[in-house]
1. Under 9 Å by Cβ, and 6 or more places apart or on different chains, what pairs join a residue from segment 220-238 that is within 15 Å of Arg190 (Cα to Cα) with one that is among the small types (Gly, Ala, Ser) and modelled with pLDDT of 95 or more?
2. Please work out which residue is surrounded by the most Cβ atoms within 10 Å (Cβ to Cβ), limiting yourself to segment 226-277 and to residues that are in contact with a Pro (Cβ under 7 Å, 6 or more places away or on another chain) and modelled with pLDDT of 90 or more.
3. Check every one of the strands (runs of 3 or more DSSP E) wholly within segment 237-297 and list those with 2 or more residues that are within 16 Å of the chain's Cα centre (by Cα) and either among the small types (Gly, Ala, Ser) or not assigned by TED's automatic domain parsing to the domain that holds Ser84 (or both).
4. Filter segment 129-174 down to residues that are in contact (Cβ under 8 Å) with a residue 40 or more places away in the chain, aliphatic (A, V, I, L, M) and in a helix (DSSP H, G or I), then give me how many there are.
5. Would you be able to say whether some residue in segment 358-368 is more than 24 Å from Arg258 (Cα to Cα) and either not assigned by TED's automatic domain parsing to the domain that holds Gly49 or not in a helix (DSSP H, G or I) (or both)?
6. Looking at segment 55-109, which of the residues that are surrounded by fewer than 17 Cβ atoms within 10 Å (Cβ to Cβ) and of a type in the set (Phe, Trp, Tyr) is nearest to the chain's Cα centre (by Cα)?
7. Identify, from the list Val377, Val396, the residue that is surrounded by 21 or more Cβ atoms within 10 Å (Cβ to Cβ), at pLDDT 95 or above and either within 25 Å of the chain's Cα centre (by Cα) or part of a loop (DSSP other than H, G, I, E, B) (or both).
8. Among the residues of segment 425-453, count how many are among the hydrophobic types (A, V, I, L, M, F, W, C), crowded, with 17+ Cβ neighbours inside 10 Å, part of a helix (DSSP H, G or I) and in contact with a helix residue (DSSP H, G or I) (Cβ under 7 Å, 6 or more places away or on another chain).
Amino acid sequence: MTTDRGWEPPLPLDDYQVPAFPFELLPTPLSAYVAALAEATQVPADMPGGLVLAVVAACIQRRVIVEVKPGYIEPTSLYVAVVSYPGTRKSAVVGPITAPIQEWEAEERSRLAPEIERASSERAIKLRRKAKLEEQAATEKKTETRAERQREAAKLALELAAEGPPLAYPRVLADDATPEQLTRLLAEQRERIALFSAEGGIFEMMAGRYSQGVPNLDVYLKGHAGDFLRVDRRSGPPVLLDQPALTVGLAVQPDVLRGLADKPGFRGRGLIGRFLYALPPNLMGRRRAGTAPVPSPLVAAYRKCILSLLEAAAASGDETLLLGLTSEAAETRLAFERRLEPKLGPGAAYGHMGDWAGKAIGAAVRIAGLFHAVGCVHAGQPIGGEIGGKTMQEAVQLIEGYFLPHAEAALAEMGADPEIENARKVLVWIWHRDLREVALRDLHQGLRGQACFRKVEAVVASAGLLERHKYLHRLPEPTGGPGRPPSPRYAVNPLGRPHPQNAQNPQNGRAG
């Protein structure tokens, strides 16, 4: 077994068996549209399914919230990250599902253009007049004239302050925006904006691409929670946001996901735990050519639903539409909490991902709110009332049965699963030494300087995982003989070795 002959390629360490997206849980008309769009574009339903949730959230966030019980409110903002390989038609999905929002934005720009341009012109005149009065007051020698100019300038300043921020063209979507730009957009757009992108550069901006490597996460953390945000600027007054609402819908490549947990603040401050992750299978090589487009009735029904959500949110002004829970919905949510809580402690099933799993119950409530709002507009009713038990059950099923296992796989890919990371460290140690066989005792001796391998049991666990994934094969132990039993020995699968130049770099030598 120490030659290439007889070996099979190893199984990737991150080859998690994750469920397919249950699009049938989505309310009408989203379920039919997602299934048809997935078929038309030949992508897994996970991609349009996950991103459609973010589209609905973008439409109603900050205008619709859920009151779970007195003192406990859940916003309807949502962060979704669909992880897919290059060439898997991410843009072909993001475009159609956001098309109704872009249509609404264009119509609103056209409708409001005269009012906005008039207000902008009047404001510019006042600003120029105010600046001229201040200049005259500064150079005026006569006390009485100077005081008059100051009074006129102060009066204009009060008028401008009373008018509030300048009118801006309505926007729902943003793309490729820095944290600073997002803060500005939130201030302009009555504290609600959605960030959609088919690229992963957003994470690099979060990590400080344009701020000398200093992460700027506040707008993402507080925009998800709806917490007060104050941003002090170098020039001008600070930006104060009472209840900012930010939704994020991303379609990113697997390489973007790897290492996110190591970026400063991403894990420790809870950013990673705020995302719902979808890891659909790669269908490249199995896609059918010449598929029919999405049937026009389904496109029309989806468009009507999204436009109705936008119109309902716009009609509410700054009023909040509060959704309650029926007793059945409240019990369904509570039952989910009872199932999940014992699994969050140290050493429990989700103890290593408590930052994500601890938010799963709130995420189910948010999705239930989205489902309820879609149900209201589809029925031609105002958004309001109480979320029913069936709606809450479907939202819980989506989180518990789909997003939870996908989050576990995503966090493992990021390096957040300690068992996977420990196994990778063992492989890198073996590859650095170009070993064909290795004894368990030698592994422990070589690795125990690392905190995670101080106990031999950790090395045994990693070797067992690598054996199950066919990176190692345990060799038969010699029989008989005096003295202490020999240490177990393993043959190393030569088909699992990385390219020689990558084997010298632990970061490049990731298995799976």
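The values are calculated or read from the model by the stated rules, or taken from the named source; none is laboratory data. Note that the structure is predicted; figures quoted are calculated from it, not measured. Counting neighbours? That spans all protein chains shown, and the Cβs are built from the backbone with ideal geometry, glycine included.
1. Gly223/Ser77; Gly223/Ala245; Gly226/Ser77; Gly226/Ala245; Leu229/Gly223
2. Ala245
3. The qualifying strands (runs of 3 or more DSSP E) are 245-252.
4. 0
5. Checked segment 358-368: no residue is more than 24 Å from Arg258 (Cα to Cα) and either not assigned by TED's automatic domain parsing to the domain that holds Gly49 or not in a helix (DSSP H, G or I) (or both).
6. Tyr85
7. Val396
8. Residues flagged as among the hydrophobic types (A, V, I, L, M, F, W, C), crowded, with 17+ Cβ neighbours inside 10 Å, part of a helix (DSSP H, G or I) and in contact with a helix residue (DSSP H, G or I) (Cβ under 7 Å, 6 or more places away or on another chain) within segment 425-453 amount to 8.
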